[in-house]
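Student: I have a structure I would like to understand better, so I am pasting it below and will then ask my questions one at a time.
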Amino acid sequence: MNDGDPDNKRKWFRDNLNPNLIALHSMSERLHSGRTGFQSVEIIATDNFGVCLVLDGKIQSSEADEFIYHEALVHPAMLTHPKPERVFIAGGGEGATLREVLAHKTVRRAVMVDIDEEVVGICRSHLPAWHRNAFDDPRTELHYVDAREYLQQSSDDFDVIIIDLVDPLEGGPARLLYTKEFYRAVQQRLGPGGIMSVQAESSEWTNLDNFAAIASTLSNVFSLARPYQVHVPSFLGLWGFVSASQTLDPHRLTVDEIDRRIAERLSAEPRSYDGLTHQAIFTLPKHIRQRLSDCRRIITDQDPISAY
């Protein structure tokens with residue numbers, strides 16, 4: 001670009017998707033920039049996706065499309081359970097996962113555990129459209145500790161456990177919350193007939209290894225592990241999730257049954273998720289099914305995965 005090019009005067013946010021792929025987002029301003037005891041935090045205003053939360057240099061969610069990610073993470077597991085009353089959330093600093101959990105009228109207790117109190121405070125202040133006062137709901141319990149430590153020390157059982165963590169960056173706060181040992185702690189805190197869901201990293205062609213390894217590890221811990229994916233525009237591609245249980249299988253629910261449960265059990269209609277969406281997100285293309293089938297890796301504390 002030369003000096004006369006108007007792009008020279010634009011501000012750009014650089015999102016490193018993997019070592020060979022970089023995305024540039026044009027942005028109008030930084031609303032917050034700083035560092036907590038655990039990670040760097042930025043709130044930026046982009047031209048395509050509106051306000052975005054950025055942790056350790058990676059976009060976590062955007063104003064324009066966070067509902068796609070959070071509805072996909074929460075509702076398949078919550079609607080598969082016959083009556084989710086006690087829900088545990090690991091991570092979820094923006095409060096949007098909590099918001100979607102509390103939309104279920106059966107919920108009596110929602111325990112959210114995030115290690116970074118500063119990030120939650122920043123999100124409460126800067127991202128009200130995400131949490132919509134979910135932090136102040138009387139059903140909410142907030143704890144600022146390590147989620148693994150909390151589950152290992154707790155004697156409570158939960159109907160649904162939702163794992164909404166940052167990427168497993170080397171040296172980051174969540175790397176040992178993607179391992180077989182952690183998933184065993186999750187399984188032990190699920191009540192009879194319980195179910196969990198986890199964000200499982202990118203399911204794009206160039207980034208399938210971690211998604212496949214997470215699904216393989218959960219299959220080693222649970223009788224039923226069902227991988228699925230959605231397209232999240234601000235992530236510039238497909239994003240993977242896994243639902244896991246000893247008894248409950250979201251893949252068995254029909255379009256009509258999902259729509260019926262949404263109408264009966266949710267206080268607000270989802271914007272992206274319904275019965276047809278449910279059927280679509282669990283229908284993976286052949287090349288991904290093959291990659292998942294071929295993967296034998298079990299993630300452990302001694303051999304954790306790393307995000308880019």
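Every number in this text was worked out from the coordinates using simple rules, so none of it is lab data. Treat the numbers as computed from the prediction; the structure is a model and nothing was measured. Heads up, the Cβs are rebuilt from the backbone with ideal geometry, glycines too, and the neighbour counts pull from every protein chain shown.
Student: Which one of Ala185, Ala96, Ala129 has the biggest mean-square fluctuation once the chain is modelled by GNM with Cα springs under 10 Å?
Tutor: Taking springs between Cα atoms under 10 Å, the residue moving most is Ala129.
Student: If you place +1 on the Cβ of every Lys and Arg and -1 on the Cβ of every Asp and Glu, how big does the dipole about the Cα centre of the chain come out, in debye to the nearest 20?
Tutor: 700
Student: A further question follows. Over all Cα pairs of the range 164-272, how is the pair count split among 10 Å bins, expressed in % and running from 0 up to the last occupied bin?
Tutor: Calculated P(r), rounded to whole percents: 13, 39, 35, 12, 0.
Student: Helix 180-189 sits at what angle to the longest principal axis of the chain, using alpha carbons and giving 0 to 90 degrees rounded to 10?
Tutor: Rounded to the nearest ten degrees, it is 50.
Student: Right, here's the next one. Near Lys180, within a Cβ-to-Cβ distance under 10 Å, what is the net charge of the other residues, with Lys and Arg +1 and Asp and Glu -1?
Tutor: Counting the neighbours of Lys180, the net charge comes to -2.
Student: By the scheme Lys and Arg +1, Asp and Glu -1, what is the net charge of all other residues having a beta-carbon under 12 Å from that of Asp159?
Tutor: Once positives and negatives cancel, what remains is +2.
Student: Given Cβ point charges of +1 (Lys, Arg) and -1 (Asp, Glu) and nothing else, what value in debye, to the nearest 20, does the dipole of the range 8-62 about its Cα centre take?
Tutor: So the dipole magnitude of the range 8-62 works out to roughly 180 debye.
Student: Let me ask something additional. In the P(r) worked out for the range 8-62, what percent of Cα pairs fall beyond 17 Å?
Tutor: 34
Student: Considering the options Val119, Gln279, Leu248, tell which one lies farthest towards the positive end of the dipole of the chain, charges being +1 on Lys and Arg and -1 on Asp and Glu at the Cβ, about the Cα centre.
Tutor: Farthest towards the positive end: Leu248.
Student: Thinking of the chain as a set of Cα atoms, what percent of all their pairs are more than 30 Å apart?
Tutor: Roughly 28 percent, once rounded to a whole number.
Student: When a/c reaches 1.5 or more, the comparison of a/b and b/c decides; with that in mind, is the range 111-217 rounded, prolate or oblate per its Cα gyration tensor?
Tutor: Cα axes put the range 111-217 in the oblate bin.
Student: Could you give the distance between the Cα centres of the range 203-233 and the range 113-152, to the whole Å?
Tutor: 26
Student: By per-residue mean of other Cβ atoms within 10 Å, what is the highest-first order of 20-31, 81-92?
Tutor: Ranked by mean Cβ neighbours within 10 Å, highest first: 81-92, 20-31.
Student: Taking the chain as the reference, fit the longest principal axis to its C-alpha atoms, fit the long axis of helix 117-126 to the helix C-alpha atoms, and give the angle between the two in degrees, 0 to 90, nearest 10.
Tutor: 70
Student: While we're here: In debye, nearest 20: dipole of the range 1-143 around its Cα centre with unit charges on the Cβ of K, R (+) and D, E (-)?
Tutor: My answer is approximately 480 debye.
Student: Would you mind checking which residues have amide H under 5 Å from Gly237's amide H? H placed 1.01 Å from N; only 5 or more apart, or other chain.
Tutor: It is Val232, by chain and number.
Student: Picking from Ala129, Ile288, Ser28, whose Cα lies most toward the positive end of the charge dipole for the chain (charges on Cβ: Lys, Arg +1; Asp, Glu -1)?
Tutor: Among Ala129, Ile288, Ser28, the one farthest towards the positive end of the dipole of the chain is Ile288.
Student: Enter the angle in degrees (range 0 to 90, nearest 10) between the Cα long axis of helix 66-80 and the first principal axis of the Cα atoms of the chain, meaning the one along which they spread out most.
Tutor: The angle comes out near 0 degrees.
Student: Sticking with this structure for a sec: Compute the Kirkwood hydrodynamic radius of the range 146-185, taking the inverse of the mean of 1/r over all pairs of distinct Cα atoms, and give it in Å to one decimal.
Tutor: 11.0
Student: Rank Val54, Gln188, Ala64 by how far each Cα sits towards the positive end of the charge dipole of the chain (+1 on Lys, Arg Cβ; -1 on Asp, Glu Cβ) and give me just the farthest.
Tutor: Gln188
Student: Could you sort the peptides 207-216, 295-304 by per-residue average Cβ neighbour count (10 Å cutoff), highest mean leading?
Tutor: Highest-to-lowest ranking by the protection proxy: 207-216, 295-304.
Student: Which whole number in µm²/s is D for the range 1-160 by Stokes-Einstein, with the Kirkwood Rh taken over Cα pairs at 4 °C and 1.567 mPa s?
Tutor: Diffusion coefficient, whole number: 75 µm²/s.
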